[in-house]
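See below for the structure under consideration.
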Amino acid sequence: EITDSIQSHLEVGEPEEKEEEFDEDELLDIFQELRDIVEQIDYARAFMSLGGIPFLLGIATYHASNAGKTIPVTIKKAALGTMATMAQNNPPVQLKLLELGHLPQLIQLFFDYSPGNDSGNEPDDSMREKCVQAISASIRGHAMGEICFCKNELGLLMLKIGIGMQSKNSSKPGAQLRKRCMFLLRALLTADEASDERHDLFRDAISFMCTHEVDDRFEEDSEIREISLATLTQLLRHPTAKKGSDIVLAHKIQLGSVGVPRIQAIGELDGEDKEFAELELDEWQQLMVALAGGCNA
């Protein structure tokens, strides 16, 4: 009934007089109801068996012809959010998405809403964030999904752009998008299945974390700095893949030149400022210990 209601609201390609009947807020409420339902793994799989995955994927990636009705970006975001909810820690849903070839479609959707796109869309960081969220939920913890993503050159480029590795003339992506990309990057680099080959694919991104993402003079968002510091520490301690550790150790002098004064600066804070910075301080201290252990190995 919910999908029927969504379809009746959208009526993609119907005559223009249908426009007046479209109630975007009501449709968003319906999507929220659907999302609440598919939070339960069993219900998510049941919705998948009813064709829910291609239905949501079709809404998210729909491109109207010149004369056809478009689907509002807010509705596309709702479809992506629902897809992410279904896929989170749900291997059958993750596999179904892979079988439908969702990765190239969602990666392209990311670029369709990036600055300078050829799709005629207004750049939209929140839309790009939703794309990354759906991709992340669909591959994290799924070995084949992670492998497929790492073999996609545009996917690797998407992550690099998303964390802020853009040209000097380009604006930095919003903090929420950067966090989403850092979260996915950390998962890929520190997974048990991560290999030296995977770490080498992300060599530039690992170096960027060492030189930029941990430095409060470049990265103003403390949560992103904390994620970056934790990722570097995990790379130094990865049980099998050692390439990432080698890349981090190559930047040990740079990391020390940033870390030592930052630890000192946090120690001089007081009140709420010090309390707010305690997690970053802890991450810096752990990284310094891991660096010392790596140098002595």
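The values are calculated or read from the model by the stated rules, or taken from the named source; none is laboratory data. Predicted, not measured: the structure shown is a model, and the values here were computed from it. Ideal geometry is used to build each Cβ from the backbone, glycine not excepted, and the neighbour counts take in all protein chains shown. Only protein heavy atoms, including side chains, enter the accessible area calculation; ligands, DNA and RNA are left aside. Shrake-Rupley method; radii C 1.70, N 1.55, O 1.52, S 1.80 Å.
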Failed item, numbered, when Ile107 is tested on (1) over 14 Å from Ile135 (Cα atoms); (2) in contact with a Gly (Cβ under 8 Å, 6 or more places away or on another chain): (1)
Residue within the stretch 18-41 that is of a type outside the set (Phe, Trp, Tyr), more than 22 Å from the chain's Cα centre (by Cα), closer than 12 Å to Val93 by Cα and modelled with pLDDT of 95 or more present: no
Conditions (1) within 28 Å of Glu275 (Cβ to Cβ); (2) in a helix (DSSP H, G or I); (3) open to solvent by 10 Å² or more (accessible area, probe 1.4 Å); (4) hydrophobic (A, V, I, L, M, F, W, C): number failed by Phe218: (2)
Among (1) open to solvent by less than 30 Å² (accessible area, probe 1.4 Å); (2) closer than 27 Å to Glu33 by Cα; (3) outside any helix (DSSP H, G or I) - the single one Asn89 does not satisfy: (1)
Residue under evaluation Glu153, criteria (1) open to solvent by 20 Å² or more (accessible area, probe 1.4 Å); (2) in contact (Cβ under 8 Å) with a residue 40 or more places away in the chain, criterion not met: (2)
Count - residues of the stretch 45-66 that are more than 21 Å from the chain's Cα centre (by Cα), of a type in the set (A, V, I, L, M, F, W, C) and open to solvent by less than 90 Å² (accessible area, probe 1.4 Å): 5
Hits in the stretch 164-179 - residues which are over 13 Å from Ser126 (Cβ atoms), open to solvent by 60 Å² or more (accessible area, probe 1.4 Å) and modelled with pLDDT of 75 or more: Ser171, Lys172
Given (1) more than 30 Å from Gln133 (Cα to Cα); (2) exposed (fewer than 14 other Cβ atoms within 10 Å of the Cβ), index of the condition Ile263 fails: (2)
Some residue of the stretch 266-280 being open to solvent by less than 10 Å² (accessible area, probe 1.4 Å), closer than 26 Å to Gly174 by Cα, of a type in the set (Val, Ile, Thr) and within 27 Å of the chain's Cα centre (by Cα): no
